[in-house]
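The values are calculated or read from the model by the stated rules, or taken from the named source; none is laboratory data. Being a predicted model, the structure only gives us computed values, none of them experimental. With ideal geometry, Cβ positions are generated from the backbone for all residues, glycine too; neighbour counts draw on all protein chains shown.
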């Protein structure tokens, strides 16, 4: 009897340990899932702002109305006989990728998950005012260049998307993708060899000047002060609260931080009273 009793206790103990181990593994999975949800949750308000706020729409119209005013002012200079160009970024400047950002939330995913799938669909909508302004510029004899950090293998789908949305000059000569480096300085310099760039338009400060490339938070702020006369004149900034170098600068441009580290860094950078 005692032998059977000990055997029974042993079996119960084994079952208890097994259940504890399974519970631990389950909690680990749940905690990991919760972490991903928390990691993406901060995007919700930013994406909703882009998709639902009339203020966001108004900001785009405001930017493109200002761009047309500045272009008209430049065109009044009849003494300039060379070629003019307007240089625009693509993502969150003329095309709306907020559905992709929304998918990162609903699917508990992270960039670059499904990014190539999204761009291949070529279904990003034009942002308010973008097509009208760039068509206006093209009709005035101004060349439009799309300088983007989308990759070369995304160019065909990107051009397809731009054509579908009726953007002018959407071809391989005017859509300039990233090849070897993220910095746009060399690509802008190449355009300047044949054109005078009247306007630079983008959602990221690196769309305007190389001084912002991989710059710290403090350096970015100082450079904005140094270049403040250019904003609204040659530099036209578009809203993007969803992502950008403003966030990357918080992380010192590190590509090895895990979601928990990023949450802590974001919280530590908040300024309260």
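So which residues in segment 133-148 are touching a strand residue (DSSP E or B) at 6+ places or on another chain (Cβ under 7 Å) and free of Cβ contacts under 8 Å to residues at least 60 places away in the same chain, if there are any at all?
Residues of segment 133-148 that are touching a strand residue (DSSP E or B) at 6+ places or on another chain (Cβ under 7 Å), as a first pass: 134, 137-138, 142-148.
134, 138, 144, 146, 148 - these are the residues of segment 133-148 that are touching a strand residue (DSSP E or B) at 6+ places or on another chain (Cβ under 7 Å) and free of Cβ contacts under 8 Å to residues at least 60 places away in the same chain.
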(message) For segment 122-152, which positions are in a helix (DSSP H, G or I), touching a helix residue (DSSP H, G or I) at 6+ places or on another chain (Cβ under 8 Å) and closer than 17 Å to residue 92 by Cβ?
(response) 130, 133
(request) Can you give me the number of residues within segment 161-203 that are closer than 21 Å to residue 120 by Cβ and either surrounded by 15 or more Cβ atoms within 10 Å (Cβ to Cβ) or in contact (Cβ under 8 Å) with a residue 60 or more places away in the chain (or both)? (result) 10
(message) Contact list please: Cβ distance under 6 Å, first residue in segment 29-48 and over 13 Å from residue 103 (Cα atoms), second residue assigned to a helix (DSSP H, G or I) and modelled with pLDDT of 85 or more, pairs at least six apart or on different chains.
(response) 35/259; 39/259
(message) List the residue pairs whose Cβ atoms are under 7 Å apart, where the first residue sits in segment 230-251 and is free of Cβ contacts under 8 Å to residues at least 12 places away in the same chain, the second is surrounded by 19 or more Cβ atoms within 10 Å (Cβ to Cβ), and the two are 6 or more positions apart or on different chains.
(response) 231/237
